[in-house]
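K.L.:
Structure provided below as structure tokens; questions to follow.
The values are calculated or read from the model by the stated rules, or taken from the named source; none is laboratory data. Since this is a predicted model, take the numbers as computed values, not measurements. Don't worry about glycine lacking a Cβ; one is built from the backbone with ideal geometry, like all the others, and counts go over all protein chains shown.
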Amino acid sequence: MQDGIMQVGHHIALSLTVNGTERSCHAEPFDTLAQVLRDKLGLTGTKIGCDAGDCGACTVMLDGQQVCACLVPAAQAHGANIFTTESTDPLTQTIKTAFLTHGAAQCGICTPGMIMATHDLLTCYQSPSRKTISDTIGGVLCRCTGYTKIIEAIASLAHPPASAVEADAARSVGQRAVKAEGRAIVDGTLHYGADAAPADALWLRVIRSPHARATFALGDLEATRKKFNLDAILTAADVPGANSFGVFPNTKDQPVLAQSHVRFRGEAVLLLAGSRAALNAINDADLPISWTQQSPISGVTAGLAPEAHAIHAHIPDNVLTRGNLKRGNLAVGRAAAAVHAFGQFQTGFVEHAYIEPEAGYAERLPGNRIRLAASTQAPYMDREDVARVLGISDDHVIIQPTACGGGFGGKLDVAVQPLLAIAAWKLNRPVRIAYSRIESMASTTKRHPSSITASASADAEGRLTAFEMSADFNTGAYASWGPTVANRVPVHATGPYKIPNVWNRTRAVLTNDPPAGAFRGFGVPQAAIANETLMDDLAAALNLDRWHIRRINALDHGDTTPSGQVLAASAGLPQCLDALKPAWDQALARAAAHNAINPRLKRGVGIACMWYGCGNTAMSNPSEMRITLDQSGFTLWSGAVDIGQGSNTIMRQIAADALGIPSESMTLAALSASSNAPSTAETADA
Ligand code: FES
């Protein structure tokens, strides 16, 4: 036990100085500093991304050094001097201003940790080099920015530019603007999914399948509930509406809680409700679940095998969706070609790895209504699924998106939402949940693994004459966005090139692997690996420059895509490639010079193009926003969720321009809602 620390019953009494103020509270013996700051002192600016010291989101200053607050036992912080992003000390304020001015935050979930790491840097170094800056902030991961703006912001403090960039008030599109929620991000007051809930909210914990395919039977849950002092153990039988959710009306195939059998490892089986201490005291093995394992299917080859079992009984061949696009005549195109390229490609699962795991809370409201606040990309789709699983109408569901600490497509699917909904409804009291990093990775969607066969043909000058692709995508145990991937890839599979003869075919294949969903491009990046490799192979076969073959085939204004769309508005690839040409030539020359004198360590230079259509493939994609005016001024009502791409800022600018008013005169309704969430602190200064 730390010197001078007092034990009070099972608790320890802590005194520490936080941001210049002496604070005291009680903590559990195994609490971490991160938990004390967030739960006891209400300082939720310190974020928890991995709870394992890997991501650095919880970085704070402790006695003059940056530490991961999730790794510091609370007792070790007794008597310590702590600084967090909520600090108003001059150095922290200066760093915050630099971050705001340089646009160094996107989703903002890493920003508090970055600010504290910068605090450490500037305490130790007066004039750090860019390498020292990179090294010192290296313990804090940013999934959004690529670090460039962050390093620029920090470098501006160490080496102020001759003319400082002003933090200009946003007045119109095209002007440099401070991010709409930027001040709240740097001050740590913006609420993400785990940052707020009603004070009397019960915690939830999901018990998940340890098997990829199994049947199961439940024992005496009531005895277990009593034994572990839980408020409830919910099963599939407790889902009041339909026990299924999913992206499309005809693919709502995933149960909220599995009923008698599971289709992937990590599938939700039971939902426990209680105090956090009670939930933490339970091991999965304490639950009375008897499993009967069955042989699972993993990968598309196994899923398509004639002897494969059906993942869902109504789809006997496990092909969820087929995509097909045909244009011209492949045989004619191949006959006109001088060279051909062929390849087989495989890609694996990719995890989104947003720094903020899924989290939120829900509370049942009078009049058979429910309010649910969660980290999400798609509140209107959430509303539909919450209404469905509760068996109520959409207009009885209020979805209040919290700030979203990264999504990348992964938060287009519901995760915590149906679980929160059924628990709040059944127990008639607020409930909250925050997935651990492990749970997030085990249970939520991934990028579709792909298995692709493709060929491309070109004439003697390098002009493409034919292209064919056959691609299977592993959509896992449930549909999620599998139909979109299967339908979108054929449209994009050729890459952004003029090709008169095309045949692209895809299948989304069900397996016992984790569900695959949306991830930046809906399968198109996987296809781009194939088509861009073939472009290189064709260039090599014809002894052409790789830039040149792309330039002469690039889709241009007025061209027709393989799906028949005429690019009447814009197509900037030729101009983009022309702008790139000098840098391409220089890079080739540098690599050649290096390789000429280095026999072992070689340098390579690559070029690739990609295209991606906006909107829903082959479907209309309407949207609307509203502006209202009352005594307090203009309010913009927009359902678009800012997950770091800056939509809160640009939407407000566009709306302000349309009305001819300064953008700061426009209130963003969504932003006001997320800053007014209830407080989360349990006891402060106890
Ligand atoms: Fe760094 Fe999103 S801004 S993780």
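K.L.:
Report yes if residue 307 is farther than 30 Å from residue 463 by Cα, within 16 Å of the ligand (Cβ to nearest atom) and not small (Gly, Ala, Ser), otherwise no. I'd like the intermediate steps shown before the answer.
P.N.:
On the way: farther than 30 Å from residue 463 by Cα: yes; within 16 Å of the ligand (Cβ to nearest atom): no; not small (Gly, Ala, Ser): yes.
The answer is no for residue 307.
K.L.:
Could you list all residues from the range 344-371 that are among the charged types (D, E, K, R), surrounded by fewer than 24 Cβ atoms within 10 Å (Cβ to Cβ) and within 25 Å of residue 110 (Cα to Cα)?
P.N.:
Going residue by residue through the range 344-371, those that are among the charged types (D, E, K, R) are 351, 356, 358, 363-364, 369, 371.
Next cut, surrounded by fewer than 24 Cβ atoms within 10 Å (Cβ to Cβ) only: 351, 363-364, 369, 371.
Matches in the range 344-371: 351 only.
K.L.:
Could you tell me whether the range 310-323 includes any residue that is closer than 25 Å to residue 518 by Cα, of a type in the set (Val, Ile, Thr) and either in contact with a helix residue (DSSP H, G or I) (Cβ under 7 Å, 6 or more places away or on another chain) or part of a strand (DSSP E or B) (or both)?
P.N.:
Just the residues of the range 310-323 that are closer than 25 Å to residue 518 by Cα, to begin with: 310-323.
When the remaining residues are screened for being of a type in the set (Val, Ile, Thr), the result is 311, 315, 319, 321.
Imposing the further condition that a residue be either in contact with a helix residue (DSSP H, G or I) (Cβ under 7 Å, 6 or more places away or on another chain) or part of a strand (DSSP E or B) (or both) reduces the set to 319, 321.
Among the residues of the range 310-323, at least one is closer than 25 Å to residue 518 by Cα, of a type in the set (Val, Ile, Thr) and either in contact with a helix residue (DSSP H, G or I) (Cβ under 7 Å, 6 or more places away or on another chain) or part of a strand (DSSP E or B) (or both), which makes the answer yes.
K.L.:
Consider residue 298 against the criteria (1) on the phi > 0 side of the Ramachandran plot; (2) in contact with an Asp or Glu (Cβ under 7 Å, 6 or more places away or on another chain); (3) small (Gly, Ala, Ser): it satisfies all of them except one. Which criterion is unmet?
P.N.:
All conditions are met except number (1).
K.L.:
Checking residue 139 against (1) within 8 Å of the ligand (Cβ to nearest atom); (2) surrounded by fewer than 24 Cβ atoms within 10 Å (Cβ to Cβ); (3) under 21 Å from residue 87 (Cα atoms), which test does it fail?
P.N.:
Every condition holds for residue 139 apart from (1).
K.L.:
Another question, if that's okay. Can you tell me which residue in the range 19-59 is nearest to the ligand (Cβ to nearest atom), limited to those that are closer than 25 Å to residue 441 by Cβ and in a strand (DSSP E or B)?
P.N.:
Ranking the qualifying residues of the range 19-59, first place goes to 59.
K.L.:
Right, something else. Kindly list, by first and then second residue, each pair from a residue in the range 130-151 that is within 19 Å of residue 50 (Cα to Cα) to a residue that is hydroxyl-bearing (Ser, Thr, Tyr) and within 11 Å of the ligand (Cβ to nearest atom), limited to pairs with Cβ atoms under 9 Å and residues at least 6 apart or on different chains.
P.N.:
Within 9 Å, the pairs are 137/147; 142/111; 143/354; 144/354.
K.L.:
Please find, among 489, 485, the residue that is crowded, with 24+ Cβ neighbours inside 10 Å and touching a His at 6+ places or on another chain (Cβ under 9 Å). Reasoning before the result, please.
P.N.:
On the way: 489 fails: touching a His at 6+ places or on another chain (Cβ under 9 Å).
Answer to the selection: 485.
K.L.:
Residue check, residue 184 against (1) part of a helix (DSSP H, G or I); (2) away from the ligand (no atom under 15 Å from the Cβ); (3) surrounded by fewer than 19 Cβ atoms within 10 Å (Cβ to Cβ); (4) touching a residue at least 24 places away in the same chain (Cβ under 8 Å), all met but one. Which one?
P.N.:
Unmet for residue 184, out of (1) part of a helix (DSSP H, G or I); (2) away from the ligand (no atom under 15 Å from the Cβ); (3) surrounded by fewer than 19 Cβ atoms within 10 Å (Cβ to Cβ); (4) touching a residue at least 24 places away in the same chain (Cβ under 8 Å): (2).
K.L.:
Tell me, which residue of the range 105-120 that is within 13 Å of the ligand (Cβ to nearest atom) and over 18 Å from the mean Cα position of the chain (by Cα) is surrounded by the most Cβ atoms within 10 Å (Cβ to Cβ)? Quick ask: steps written out before the conclusion?
P.N.:
Applying the first criterion (within 13 Å of the ligand (Cβ to nearest atom)) to the range 105-120 yields 105-115, 117.
Subsequent filtering for residues that are over 18 Å from the mean Cα position of the chain (by Cα) retains 112-115, 117.
Numbers: 112: 29, 113: 30, 114: 28, 115: 34, 117: 25.
Looking at residues that are within 13 Å of the ligand (Cβ to nearest atom) and over 18 Å from the mean Cα position of the chain (by Cα), I get 115.
K.L.:
Additional query: Is at least one residue of the range 473-484 over 25 Å from the mean Cα position of the chain (by Cα) and either farther than 30 Å from residue 335 by Cβ or among the basic types (Lys, Arg) (or both)?
P.N.:
Initially, the range 473-484 is screened for residues over 25 Å from the mean Cα position of the chain (by Cα), giving none.
No, the range 473-484 has no match at all.
K.L.:
Out of all the residues in the range 636-668, which are aliphatic (A, V, I, L, M) and within 16 Å of the ligand (Cβ to nearest atom)?
P.N.:
We begin by selecting, within the range 636-668, every residue aliphatic (A, V, I, L, M); these are 636, 640-641, 643, 650-651, 654-656, 658-659, 661, 666, 668.
Within the range 636-668, 641, 643 meet the criteria.
K.L.:
Select, from 524, 509, 502, the only residue that is touching a His at 6+ places or on another chain (Cβ under 6 Å), touching a residue at least 40 places away in the same chain (Cβ under 8 Å) and among the aliphatic types (A, V, I, L, M).
P.N.:
Numbers: 509 fails: touching a His at 6+ places or on another chain (Cβ under 6 Å); 502 fails: touching a His at 6+ places or on another chain (Cβ under 6 Å).
Result of the check over 524, 509, 502: 524.
K.L.:
Now a separate question. Enumerate the pairs (first residue in the range 95-109 and in contact (Cβ under 8 Å) with a residue 12 or more places away in the chain and closer than 13 Å to residue 45 by Cβ; second residue anywhere and more than 6 Å from the ligand (Cβ to nearest atom) and of a type in the set (Asp, Glu)) with beta-carbon separation below 8 Å, excluding pairs fewer than 6 apart on the same chain, so at least 6 apart or on different chains.
P.N.:
96/187; 108/181; 109/356
K.L.:
Here is a further query. What are the residues in the range 337-380 that are away from the ligand (no atom under 16 Å from the Cβ), outside any strand (DSSP E or B) and either closer than 30 Å to residue 49 by Cα or touching a Ser or Thr at 6+ places or on another chain (Cβ under 7 Å) (or both), if any? Full working, then the answer.
P.N.:
From the range 337-380, those away from the ligand (no atom under 16 Å from the Cβ) are 337-350, 360-374, 378-380; that's our starting set.
Checking which are outside any strand (DSSP E or B) leaves us with 337-338, 348-349, 366-368, 378-380.
Listed by number, the residues that qualify are 337, 348, 349, 378, 379, 380.
K.L.:
Return a yes/no flag: does the range 78-100 have any residue that is closer than 15 Å to residue 355 by Cβ, of a type in the set (Val, Ile, Thr) and more than 11 Å from the ligand (Cβ to nearest atom). First the steps, then the outcome.
P.N.:
First, the residues of the range 78-100 that are closer than 15 Å to residue 355 by Cβ: 85.
Keeping just the survivors that are of a type in the set (Val, Ile, Thr) gives 85.
Within this subset, residues satisfying the condition of being more than 11 Å from the ligand (Cβ to nearest atom) are 85.
Yes.
K.L.:
Evaluate the following for residue 672: is it of a type in the set (Ser, Thr, Tyr) and modelled with pLDDT of 85 or more? Break it down into steps so the answer makes sense when it comes.
P.N.:
Values: of a type in the set (Ser, Thr, Tyr): yes; modelled with pLDDT of 85 or more: no.
Spelling it out, it is not the case that residue 672 is of a type in the set (Ser, Thr, Tyr) and modelled with pLDDT of 85 or more.
K.L.:
Here is a further query. Of (1) touching a residue at least 40 places away in the same chain (Cβ under 8 Å); (2) more than 18 Å from residue 185 (Cβ to Cβ); (3) surrounded by fewer than 15 Cβ atoms within 10 Å (Cβ to Cβ); (4) not small (Gly, Ala, Ser), residue 88 satisfies all except one. Which?
P.N.:
For residue 88, the failing item is (2).
K.L.:
As an exercise: evaluate residue 124 against (1) in contact (Cβ under 8 Å) with a residue 24 or more places away in the chain; (2) more than 16 Å from the ligand (Cβ to nearest atom) and give the number of the one condition it does not meet.
P.N.:
All conditions pass for residue 124, except number (1).
K.L.:
For the range 199-237, which positions are within 23 Å of residue 41 (Cβ to Cβ) and surrounded by fewer than 19 Cβ atoms within 10 Å (Cβ to Cβ)? It would help to see each step written out before you state the result.
P.N.:
As a first pass, look at the range 199-237 and keep what is within 23 Å of residue 41 (Cβ to Cβ): 199-203.
199, 200, listed by residue number.
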